[in-house]
Amino acid sequence: GPLGMVFDDSRHAGEGGALVGFILGADADAWGERPRAERARAVCDQLVEFFGPQAGAPAAYLEQNWADEAWSAGCHVGVLPPGALTRYGDALRQPVGPIIWAGTETAEVWNGYMDGAIESGERAAREVLARVAG
């Protein structure tokens, strides 16, 4: 199916259920050209494979095309394959000459979220201060 990743976004209270899925990379381009109804059907069919028949009849189906968003420029968050962050995550934060990296993808905690962006900015600021003071 079109989804490259799916998350459970249900409330902790257990009332109802919510799934969030992403169509990634070249698949997003290809599926973005298809009619919304075709995308919705393909997404629901894939969710049925994962979660059973109830996933095929959602109470609501919402879409967001991140490429249409001026501030995200087409990407909700950088997605790395399983194991990439645990194996190579430190390399995302290593300075290269005078360049110190910051951004949510370089966060040590909450990678991909605003909390991670703040954490990485604070880390980068500490690194800059250490260089200037040192």
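The values are calculated or read from the model by the stated rules, or taken from the named source; none is laboratory data. The model shown is predicted, which means the values in this text are computed figures rather than measured ones. Note: ideal-geometry Cβ built from the backbone for every residue, glycine included; neighbour counts use all protein chains shown. Note: areas computed on protein heavy atoms with side chains; ligands, DNA, RNA excluded. Shrake-Rupley method; radii C 1.70, N 1.55, O 1.52, S 1.80 Å.
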Original post:
Which members of region 26-37 meet the condition of being open to solvent by 50 Å² or more (accessible area, probe 1.4 Å) and either under 20 Å from Phe50 (Cβ atoms) or touching a His at 6+ places or on another chain (Cβ under 9 Å) (or both)?
Top reply: Asp27
Original post:
Restricting region 1-16 to residues that are surrounded by 10 or more Cβ atoms within 10 Å (Cβ to Cβ) and in contact (Cβ under 8 Å) with a residue 24 or more places away in the chain, which is nearest to Ala59 (Cα to Cα)?
Top reply: Val6
**OP:** Scan region 1-38 residue by residue and report those that are in a helix (DSSP H, G or I) and over 26 Å from Pro82 (Cα atoms).
**Re:** Arg36, Ala37, Glu38
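Among the residues of region 109-134, write down those that are on the phi < 0 side of the Ramachandran plot and among the hydrophobic types (A, V, I, L, M, F, W, C).
Here is the first cut: in region 109-134, the residues on the phi < 0 side of the Ramachandran plot are 109, 111, 113-134.
Those that are on the phi < 0 side of the Ramachandran plot and among the hydrophobic types (A, V, I, L, M, F, W, C): Val109, Met114, Ala117, Ile118, Ala124, Ala125, Val128, Leu129, Ala130, Val132, Ala133.
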Original post:
Take the residues of region 86-115 that are open to solvent by 80 Å² or more (accessible area, probe 1.4 Å) and in a helix (DSSP H, G or I): which is farthest from Met5 (Cα to Cα)?
Top reply: Asp90
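Select from region 45-59 the residues that are aliphatic (A, V, I, L, M), open to solvent by less than 100 Å² (accessible area, probe 1.4 Å) and over 23 Å from the mean Cα position of the chain (by Cα) and list them in ascending order.
Listed by number, the list holds a single entry, Ala57.
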